[in-house]
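Below are the C-alpha cells for one structure; questions will follow.
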Amino acid sequence: MSFAALRASARRVGSAAPLARASRTALRNPAFRKYSTEASQAPKKSSNAALFGALGVATVGGIAFWVYTSNSDSAKEAGSAVRSGVQSAKAATNFTPTKEDYQKVYNRIAEILDTASDKGYDDGSYGPILLRLAWHSSGTYDKETNTGGSNYATMRFDPEAKHGANNGLNIARDLLEPVKQEFPWISYGDLWTLGGVAAIQELGGPKVPWRPGRIDGFAAQCTPDGRLPDGALGADHIRNVFYRMGFNDQEIVALIGGHALGRCHRDRSGFDGPWTFSPTSVTNEFYRLLLNEKWVWKKWDGPKQLEDKSTHSLMMLPTDYALVQDKNFKKWVKAYADDEQLWFKDFAAAVAKLFELGVPQSQFVTSEPWIMKSSDEK
C-alpha cells in the first residue's frame, strides 16, 4: 500500500489529502489513525565579530552598560528600546545567524513534535499546542496603539502567562525551553513563531513564509487581558478582535480554519473535544464539517458549545458556528470547504501576517521571508 493510500484509509471523514503532504503525516502521527480523549550549533565565529560591531552601533554613549547592568524598572523598559536598536543594527549590517542555523532550530522542533506519542499526550502530537502558543503570543497586537504581538514574547511573564486564554500554554513553553538552551542566540519570539510554522508544515499543512528578528522584552510590556478571541461569543466579537489586529473577513475565516488542529480541554478553556476526526492533520475538514454536519447544542454542565448530531464526538465553539451564521463569513467557509488548496494559500498568508504583528520592519534580518524545509525535505 502506498503512503498516500495508507493516509487516505486512516481518515474517517472527507476526501484524501493531496499526495504532497500525505505520506509522512500518516506515518509520523499515530493519532491520525485514532484520537484519544484526552548538536547545539552556534553562529559562526565570524558572525560574532559582526555582532560586536552591531552592538557598538546601537549602544553609543555607554547607554547599553546602564541598561544591562541596572536592575531598575526604568532600565529594563529602556532595555527593550536598546535591544530593538541592536536588532535593527544587526539587520542593517546583515549580521544574523544564517538561514541554515534557523533550519537547525526548526529541525529540532520537528523532532519534539512526535515525542507526544511516547508520552501519551493528547492525540500523539505537540503540534497543535505549539501552534496555539505561536498564535496567542502574536494575536495580542493592537494596531491603534502598536502594542502587543510577537515581538517581546511577553507571555513569559505574569500576568500575561496567567490570562485565561493562555491556560495550558506553559506546556508549550516548557517544551521549547530546551531548544532555547540548545540554541541560546534565538529570541523567544522567533522560537515560538518558528514552532508554529513547524507545527503547520510537519502536520501536512502549507509552507508558511517566516523570517527572524523578534526581540525579548520585559514584564512591563505585557498586554492587558481580553485581547484574544473568546470562544463563547459571536460574529461581532470576532470582528472586533481581528479587526483590531488588522485582518479582514476573509483572513479571519482563513485563520480560524486552524481549528483543524487540536482539541479543547475542559481544565483549560472549559470547552471539551476536537473539531475534526483527524486533529493532528492540517486539512480543510473544519470547514466541510462545519457546513455539512448537523450541529446541536451539547447538553452538559460545561460552557455552551455544539456537538455533531451523528457521533457526538466532535465540537464547535459558538465563535466557529458564527462563521456559518454570518453571510460574509459563510461565503469564505464555502470557498475553503470546496477548495483545500485555496485555503492552504490563504491560511499560509494570514498566518505569516499574524506571526509578524508588532515587529518593526527594521528588525527583520531579511526583506523576503524564508521557506523552511520540512522533515520530508531533508
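Within the stretch 301-316, which residues have the backbone N less than 19 Å from the label spot 7 Å out from LYS294 along Cα→beta-carbon, could you tell me?
In the stretch 301-316, the label zone of LYS294 (backbone N under 19 Å from the point 7 Å along Cα→Cβ) covers 305-316.
So which GluC sites (Glu not before Pro) in the stretch 96-151 pass both tests, a DSSP loop state and at most 13 other Cβ atoms within 10 Å of the Cβ?
The qualifying sites are GLU144.
Cα gyration tensor of the stretch 197-324, axes a ≥ b ≥ c as square roots of the eigenvalues: rounded (a/c below 1.5), prolate (a/b > b/c) or oblate?
prolate
Another question about this same structure. SER310 to LYS331: FRET efficiency via 1/(1 + (r/R0)^6), r the Cβ-Cβ distance, R0 30 Å, to the nearest 0.05?
It comes out at approximately 0.70.
Taking the Cβ of each residue in SER374, SER362, SER137 as the centre, tally the other Cβ atoms inside 10 Å and list the residues starting with the fewest.
By the 10 Å Cβ count, ascending: SER362, SER374, SER137.
Here's another thing I want to ask about it. Would you mind ranking ILE371, ILE252 by Cβ crowding within 10 Å, fewest neighbours first?
Result, fewest neighbours first: ILE371, ILE252.
Among LYS207/LYS353; LYS298/LYS330; LYS99/LYS180; LYS99/LYS143; LYS304/LYS330; LYS143/LYS304, which pairs are too far apart, with a Cα-Cα distance over 19 Å?
Result: LYS298/LYS330; LYS99/LYS143; LYS304/LYS330; LYS143/LYS304 exceed 19 Å.
Here's a follow-up. How much length is gained on full extension from ASN107 to GLN181, taking 0.36 nm per residue of separation minus their Cα-Cα distance?
Once the chain is fully extended between ASN107 and GLN181, it gains 25.1 nm.
Another question, then. Return THR147, THR280, THR140 ranked ascending by Cβ neighbour count within 10 Å, so the fewest neighbours appear first.
THR147, THR140, THR280
Every number in this text was worked out from the coordinates using simple rules, so none of it is lab data. Since this is a predicted model, take the numbers as computed values, not measurements. Because the Cβ atoms are built from the backbone with ideal geometry, glycine has one as well, and the counts that use them run over all protein chains shown.
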